[in-house]
Amino acid sequence: MTHPDLIAQGRLDSPLGPLLLGATRKGLAHLWFVDPEYHETNELDAPEDPANAFIAEAIDELQAYWRGRCPARFRVRLDLHGTAFQRAVWHELLKVPPGRTSTYGEVARAVGAPQAARAAGAAIGRNPVAIIVPCHRIIGRDGSLTGFASGLPRKERLLQHEGALLV
């Protein structure tokens, strides 16, 4: 599901593959890995504009992230489009710090739906802003790496990069 009010898009090469970013007038709305194996579309219906303030800020922060400066929370303003439940789940993901993980069940409890771990997992799987909204920090209750829209190898590498998994 893409945000209906996109005004700009940009791209960034990362150590895990190219990233596609999309912004609205209110903030960053999309960030995902360009990979036809995992994503149906790798294009956004918006003009290329890497100078857009939100895209430029996200790119600066992501470049610092890849250089090892992993912030407790990215500063770029977000404009996330989804249901109230999805937005609540995504907001909860922002509370999981680098180097730490949480579980689908813990996220469900935190948003007031303790029996909805699967629904929380579905919302996490629809996260439109990877890395910045750190869905990769959510693991199975047994510590297993489960579900990541851009593939489990990337999830593992992101967690290793942040110091959450032993190499």
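Applying 1/(1 + (r/R0)^6) with r as the Cβ-Cβ distance of Ala119 and Lys26 and R0 = 35 angstrom yields a FRET efficiency of 0.85.
The alpha carbon gyration tensor of the range 74-167 gives principal lengths a ≥ b ≥ c with a/c of 1.5 or higher and a/b no greater than b/c, which makes the shape oblate.
Rounded, prolate or oblate, given the Cα gyration tensor of the range 1-70, with a/c below 1.5 counting as rounded? Since a/c reaches 1.5 but b/c is at least a/b, the shape of the range 1-70 is classed as oblate. By the Stokes-Einstein formula, at 1.306 mPa s and 10 °C, the range 37-100 with its Kirkwood radius over alpha-carbon pairs has D equal to 112 µm²/s.
When the Cα gyration tensor is reduced to axis lengths a ≥ b ≥ c, the ratio a/c is 1.5 or higher for the range 95-138, and with a/b not above b/c it is classed as oblate. Given +1 at the Cβ of Lys and Arg, -1 at the Cβ of Asp and Glu and no other charges, the dipole of the range 91-163 around its Cα centre is 80 debye to the nearest 20.
Dipole orientation for the chain: of the candidates Ser14, Ile132, Thr103, Thr103 has the Cα lying most toward the positive pole (charges on Cβ; Lys, Arg +1; Asp, Glu -1). Counting only whole DSSP H helices of the chain, the ones at least 18 Å long by C-alpha along their axis and with mean Kyte-Doolittle hydropathy no lower than 0.0 are 53-66.
Using the Kirkwood radius over C-alpha pairs as Rh, can you work out the diffusion coefficient of the chain via Stokes-Einstein at 37 °C, viscosity 0.692 mPa s, in µm² per second? Estimated via Stokes-Einstein, D reaches 206 µm²/s.
Annotation: per residue accessible area for the chain equals 51 Å², rounded to a whole number [probe 1.4 Å, protein chains only]. Database remark: amide H of Ser102 closer than 5 angstrom to the amide H of Ile138, Ile139 (H placed geometrically; neighbours at sequence offset of 5 or more, or on other chains; Pro and chain starts carry no H). Simple rule: put +1 on each Lys or Arg Cβ and -1 on each Asp or Glu Cβ in the chain, find the dipole, and look at Leu31, Ala116, Phe74; the Cα lying farthest toward the positive end is Ala116. Per residue, the average separation of C-alpha pairs within less than 8 Å and at least 6 apart gives the chain a relative contact order of 21 percent.
Counting only Cβ charges, +1 for Lys and Arg and -1 for Asp and Glu, the dipole size of the chain around its Cα centre is about 740 debye.
Which parts of the range 127-167 would a label at Arg109 reach, counting a residue when its backbone N lies under 14 Å from a point 7 Å out along Cα-to-Cβ? It comes to 141-142, nothing else.
Qualifying chymotrypsin sites (Phe, Trp or Tyr not before Pro) in the range 15-110, where qualification requires a DSSP coil assignment and no more than 15 other C-beta atoms within 10 Å, comprise Tyr38.
The values are calculated or read from the model by the stated rules, or taken from the named source; none is laboratory data. Source: prediction; values computed, not measured. Quick reminder, even Gly has a Cβ in these numbers, built from the backbone with ideal geometry, and neighbours come from all protein chains shown. Accessible surface areas use protein heavy atoms only, side chains included; no ligands, DNA or RNA. Shrake-Rupley method; radii C 1.70, N 1.55, O 1.52, S 1.80 Å.
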